[in-house]
Ligand code: SF4
């Protein structure tokens, strides 16, 4: 005799537990050949929000909703769920409302309502992005926003923290000046130990700092030296700094914003130039 | 590379040194290229005698060179020879560096040499006899009293190549060359279409080079002492074995045939001498190289380089020598040990410093010769490094640290998009503003890579980059522009104070005339005294700044 609906439901849930990564449709079809019964059971569980559907590549998979989560989802409409799933799919990159609209084919008011519901239940959150400060993206509540969204370690509250960067730069430069020669790890170690910042900085961030110091002409790269092997990239204080003065910029014309409009006898002219007045009369 | 403001500055310098009329002539030539006398007359609208004397002044001071062009006869008409004049802009600009030249020669050869060179700079070209007369007059002695000293100094200057025999007055350009004569008129707007580097101007300078070459005496002749002094100091003889049938040999032979006394007289009374700018530039260029090595490496490396430059300088063949002749390790050691600073250097230290100078990241010396045991100085690399340094300093001062960082990033990495630049230069917030500031002053360029045929901005990629040649041009033109402005302002200030400066002149004159016998009627009010103080302070500031600017102009234009 064919199993009843109750048995089918139980079997379905058992199968879900046996496949914590998601129960593929293919397995379901094999285990529960009675299509009519299967669809009834699925509908029941889905409507009760005991089960969620995902797509994994081209496959449809099912997962059981855990008990406390199930409570959170209780009473959400299917539109809410659709929105939720789209947000979930965007992972820690987050998704923008315009994209939500496109994905779900819902109207803006429906989406707004769904977002309100989901935010009220602490299921999703809105995060400001660094790339566009007026644009919020939504992601699951527990997720940590990706580097693209927050801008990484150099951003405080979505704002690039130039002061913080400068402090770290100065510390790195001081350390190298003291040491004479250091590789990236030694620099990172020293700065972390110094406790100037609570922010978690990785080697990647330190490399970024060092690259800027090289571009500023404050330090230079060298291979090996001292106790380092010849294939280690090391840093030392640069010998040839970028000059702090130049003949051109020492005269007013060299830094003059209207140099290219300046003509003898013209509206702006060397004879009447006010910059010259100041320069010559100090 | 003559930039727009370079030409302007030429005219302004001539105006201050030689006045209005001469300036008009130079202006025609500088802006229009080589011209025949009739054309200059037409464009400058000067009367023939003024024009002639103006041209003479310019030729006398090596600011203009005359040359003959042969035109093929048309039909039955015989070939015709005409004379044209080209401006020598480089030489005109040298006029603002005379103080530097004088300082250089005093350092090397002392005050008598300086005074002799000063006379030549003042008069453009002189015979040995005139030089002697001038020295005697200045010292208030007779010619006989000074002649020995003058000749000694003269010989030293020739040996050091600071002075040379004047080039031929009117060399001929070979007929086959005449078809590459530069276009007389550069079409307006052509400059813009070609970008900042004017190829038309380049052709002119090429022609100038050829004319100068045709005018220049043979290398041995150029530094040959007058016959009466032949024994005093042997001029540096070219290493090349000279073909016995070549011109100088023949000339010498003819000279021998002449009554030697007459020949000597001709040599002293008729042969004109002038300052050899090339040698002064070489000396300044060497100084720049040594300074660069000192900042980039250290004092020790600078000692090595300086010694090597001294040992090889005489064998340089062009003003912008790329590489020196190679020196073996032994020769380097010997050269270093013969300098006061290097005499106590150990062999090991010298070797170490040489290796450092030749190392990959530095490249100031290049290995040469078989076995790689000789080294040539790569002057080109040193000068380039110095130029790069100067440009970066200008960007830093003018646009600030972040812009300078972006500039260096682009100079190193080539092309980047705005977003990448913001990240790598750690200036994500204001990168756009910074880039546009650099763009406005032409230190960076931007290129659109359209992905759609309609060039929809949002779908295009914008790549930013540094076009170094364009930057060099920009910097040089700005330098000329600044120097021009300084000169103009100075002239203006002087003119404003004409009245009081006239009074000062009067005062000086009366003071010189009577030893207090005749009490002067002119006195300066305290306001006027302040004016005089002000003008002399302004002059000091402007002159000093101009010389500094000129250091940079030399670096970007002449080295
Ligand atoms: S003269 Fe004055 S206005 Fe003209 S470029 Fe110089 S500083 Fe600027």
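Would you please give the FRET efficiency between residue B:540 and residue B:122, computed as 1/(1 + (r/R0)^6) with r the Cβ-Cβ distance and R0 = 25 Å, to the nearest 0.05?
Working: r = 22 Å, r/R0 = 0.88.
E between residue B:540 and residue B:122, to the nearest 0.05, is 0.70.
Could you give the angle, 0 to 90 degrees to the nearest 10, between helix A:35-47's Cα long axis and the longest principal axis of the Cα atoms of chain A?
Value to nearest ten degrees: 50.
For peptide B:397-404, how many partner chain Cβ atoms fall within 10 Å of a residue's Cβ, on average? Could the numbers behind the result be given before it?
Working: counts 10, 7, 2, 0, 5, 4, 0, 4.
Per-residue shielding by partner chains comes out at 4.
Over the Cα atoms of the stretch A:76-151, what radius of gyration and what Dmax do you get, in Å?
Expressed in Å, the Cα Rg and Dmax of the stretch A:76-151 come to 11.5, 35.
Please report the projected area of the stretch A:79-227's Cα convex hull averaged over all directions, in nm².
11.2
Using the Kirkwood formula on the Cα atoms of the stretch A:16-59, what hydrodynamic radius do you get, in angstrom to one decimal?
Evaluated over the stretch A:16-59, this radius sits at 11.2 Å.
Roughly how many Å is it from the Cα centre of the stretch B:3-40 to that of the stretch B:390-416, as a whole number?
Cα centres, the stretch B:3-40 to the stretch B:390-416: 36 Å.
For the stretch B:384-432, compute Rg over Rh where Rg is the Cα radius of gyration and Rh is the Kirkwood radius from the inverse mean 1/r over Cα pairs.
Working: Rg = 11.0 Å, Rh = 11.1 Å.
Dividing the radius of gyration by the Kirkwood radius yields 1.00.
Tell me the Kirkwood radius of the stretch B:280-381: reciprocal of the mean inverse pair distance over distinct alpha-carbon atoms, in Å.
Hydrodynamic radius (Kirkwood, Cα pairs) of the stretch B:280-381 is 13.3 Å.
Compute the Rg/Rh shape ratio of the protein assembly as shown: radius of gyration over Kirkwood radius, all on alpha-carbon atoms.
The Rg/Rh ratio comes out at 1.15.
Any idea what Rg and Dmax come out to for the stretch B:82-174 if you just take the C-alpha atoms, in Å?
Using the Cα atoms of the stretch B:82-174, the pair Rg, Dmax is 15.2, 49 Å.
For chain B, go through all pairs of different Cα atoms, get the mean of 1/r, take its inverse, and jot down that Kirkwood value in Å.
Here the Kirkwood hydrodynamic radius works out to 27.5 Å.
Determine one quarter of the surface area of the Cα convex hull of the stretch B:421-550, which equals its mean projected area, and express it in nm² to one decimal.
Convex hull of Cα atoms, orientation-averaged projection: 14.2 nm².
Per residue of A:210-219, count partner chain C-beta atoms within 10 Å of its C-beta, then hand back the mean as an integer.
That works out to 5 on average.
With axes computed from alpha carbons, what is the tilt in degrees of helix A:162-179 against the longest principal axis of chain A, rounded to the nearest 10 within 0 to 90?
With both axes taken from Cα atoms, the answer is about 60 degrees.
Take every residue in peptide A:233-240, count the Cβ atoms of other chains within 10 Å of its Cβ, and give the average of those counts.
Mean partner-chain Cβ count within 10 Å for A:233-240: 2.
In the stretch A:1-83, how does Rg compare with the Kirkwood Rh, expressed as the Rg/Rh ratio over alpha carbon atoms? Spell out each step's value before the answer.
Working: Rg = 12.7 Å, Rh = 13.2 Å.
So for the stretch A:1-83, dividing Rg by the Kirkwood Rh gives 0.96.
Computed FRET efficiency, Cβ-Cβ of residue A:177 and residue A:227, R0 30 Å: what is it to the nearest 0.05?
After rounding to 0.05, the efficiency reads 0.95.
Determine the shape class of the stretch A:163-253: with a ≥ b ≥ c the square roots of the Cα gyration tensor eigenvalues, call it rounded for a/c under 1.5, and otherwise prolate if a/b is greater than b/c, oblate otherwise.
Oblate shape, in that a/c is at least 1.5 and b/c is the bigger or equal ratio.
Could you work out the percent of alpha carbon pairs in the stretch B:400-466 separated by over 16 Å, rounded to a whole number?
Every Cα pair in the stretch B:400-466 considered, those over 16 Å come to 42 percent.
Rounded to whole Å, give me the distance from the Cα center of the stretch A:27-95 to that of the stretch B:260-321.
88
Give the Cα extents of the stretch B:45-130 along the principal axes, in whole Å, largest first.
61, 28, 27
Bear in mind that the values in this text are calculations on the coordinates, not laboratory data. Note that the coordinates shown come from a computational prediction; the quantities given were computed from them, not determined experimentally. Cβ sites come from the backbone with ideal geometry, for glycine too, and all protein chains shown count toward neighbours.
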